[in-house]
Amino acid sequence: MANIIEMKAKRAVLVDEARVVLDQADKRGDGLTAEEQQKYDTIMAEVDKQGERIKREEHQAQLETEMKAVSGPTAPPEPNDTPKPASMYATEEYRNAFNSFLRTGNAAIPQIQAALQTDSNTAGGFIVAPEKFVAQLIMGIDDLVFIRGLATVIQNADAASLGIPAMDGDMDDADWTSEIATGNLDTGLSFKKRELKPYPLAKQAKVSNKLLRAAAIDVEALIRDRLAYKFAVTQEKAFLTGDGVEKPLGVFTASPQGISTARDVSTGNTATTIGADGLIEAKYALKAQYRKLAQWIFHRDAIKMIRKLKDANGDYLWKAGLSDKPDTILELPFNESEYAPNTFTTGLYTGILGNFKFYWIADALNMQVQRLVELYAATNQTGFIGRLESDGMPVLEEAFVRVKLA
């Protein structure tokens, strides 16, 4: 952790150097010279590099902490007391057979061939991935799609959909009345139901047959990583900008089923730029109880613009995190996504602030893998198709506010 603190302190010094360059130009009132712009860009590029190193170190430290918590000291099993796996799919024999299936299409252990065909569509060539494989794939998605780490994720393996009760209207405040009176009858309290229905998600990857035959290659890891990447990218786009039609409803999509236009804030912004006043307006459009856990999401182009903004007191809105604190905009942490909007034109969204615990994700497992042998035979490749089901949507719009250009 001391190493992370040192890296954050070094990055804070770089940020101060960049601000000196901006402040000098502000005092002159003539903008940055070509030399100053180059110096500023060089410093900020190093700031970004330091930021990536810090994120990697923090992630590694978190994983090590989790591993210590899970694999604490345990007594060795008795010679005849071998722990039994939770299910057939968690056995080492099944795992080896599955890996053999990925390589050759055949089970390496004949006695488990029947198990490989359990719950399978033999005509299509599907088999159920071993439980450890599935768990690692979900872990890969969580690492690549940060919204999953912020959202409420529900495993929905036993039902076709997930019904969410929602309070549509509330009572008025209580009435001051007399001792024997009951107050006015209030009919404002009402409820409705929102539904999350995991939709099929699939992606295909091709692997060279030479690589599949190479004993030094971890075929399972290779395919798992590629599928994890493809699923991660697809889900991130949907959680941010999905239209809700047979896919998740994204936070940047205006919808009465998710976040309506009533939660858009454009005051303080221009038709082409995000303004300091605009971000302040957005921050305080959230109630205090939501702001406690709220985070911004912007594209890196928007972050670049925001880094130069100051409030009325001349203080920069963007601040580099120190010690164990994250970088902040107006004292609130932020996330960068390549799939957040980055077109700066009148009436378009450029960012969002929200408590993402009120973004719900429903996943349906098991994931399945299909092996395609003949389709790519001409190019000496084998194809693999991964499938799972997922849905997501904002469930309480007042927990979010979108930054919109004027």
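The values are calculated or read from the model by the stated rules, or taken from the named source; none is laboratory data. Since we're looking at a predicted model, the values are computed, not measured. Here the Cβ positions follow ideal geometry from the backbone for every residue, glycine too, while neighbour counts run over all protein chains shown.
Worth a mention:
- Filter result for Leu396 (under 25 Å from the mean Cα position of the chain (by Cα) and not small (Gly, Ala, Ser)): yes
- Residue selected from segment 10-52 under the condition under 18 Å from Arg307 (Cα atoms) and small (Gly, Ala, Ser), by the criterion surrounded by the fewest Cβ atoms within 10 Å (Cβ to Cβ): Gly31
- Test for Ala157: is it modelled with pLDDT under 75, over 22 Å from Ser260 (Cβ atoms) and in contact with a strand residue (DSSP E or B) (Cβ under 8 Å, 6 or more places away or on another chain): yes
- Among the residues making up segment 316-347, those that are assigned to a loop (DSSP other than H, G, I, E, B), farther than 24 Å from Tyr290 by Cβ and over 20 Å from the mean Cα position of the chain (by Cα) are Ala320, Leu322, Ser323, Thr343, Phe344, Thr345, Thr346, Gly347.
- Only a single item in (1) free of Cβ contacts under 8 Å to residues at least 24 places away in the same chain; (2) assigned to a loop (DSSP other than H, G, I, E, B); (3) not hydroxyl-bearing (Ser, Thr, Tyr) is not met by Glu281, and it is number (2).
- From the options Leu201, Leu196, Leu240, residue that is modelled with pLDDT of 95 or more and crowded, with 17+ Cβ neighbours inside 10 Å: Leu240
- Residue selected from segment 298-314 under the condition of a type in the set (D, E, K, R) and modelled with pLDDT of 90 or more, by the criterion farthest from the chain's Cα centre (by Cα): Lys310
- Considering Thr234, Thr267, the condition of being outside any loop (DSSP other than H, G, I, E, B) and either in the same structural domain as Gly314 (by TED's automatic domain parsing) or out of contact with any Asp or Glu (no Cβ under 7 Å at 6 or more places or on another chain) (or both) is satisfied by Thr234 alone.
- Check on Gln235, of a type in the set (S, T, N, Q) and within 19 Å of the chain's Cα centre (by Cα): yes
Listed here are the residues, each with its yes/no results for (1) among the acidic types (Asp, Glu); (2) at pLDDT 95 or above.
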position	(1), (2)
Asp264	yes, yes
Thr267	no, yes
Asp277	yes, yes
Tyr284	no, yes
Tyr290	no, yes
Trp296	no, yes
Gly321	no, no
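- Failed item in (1) modelled with pLDDT of 75 or more; (2) over 23 Å from the mean Cα position of the chain (by Cα), with Ser71 passing the rest: (1)
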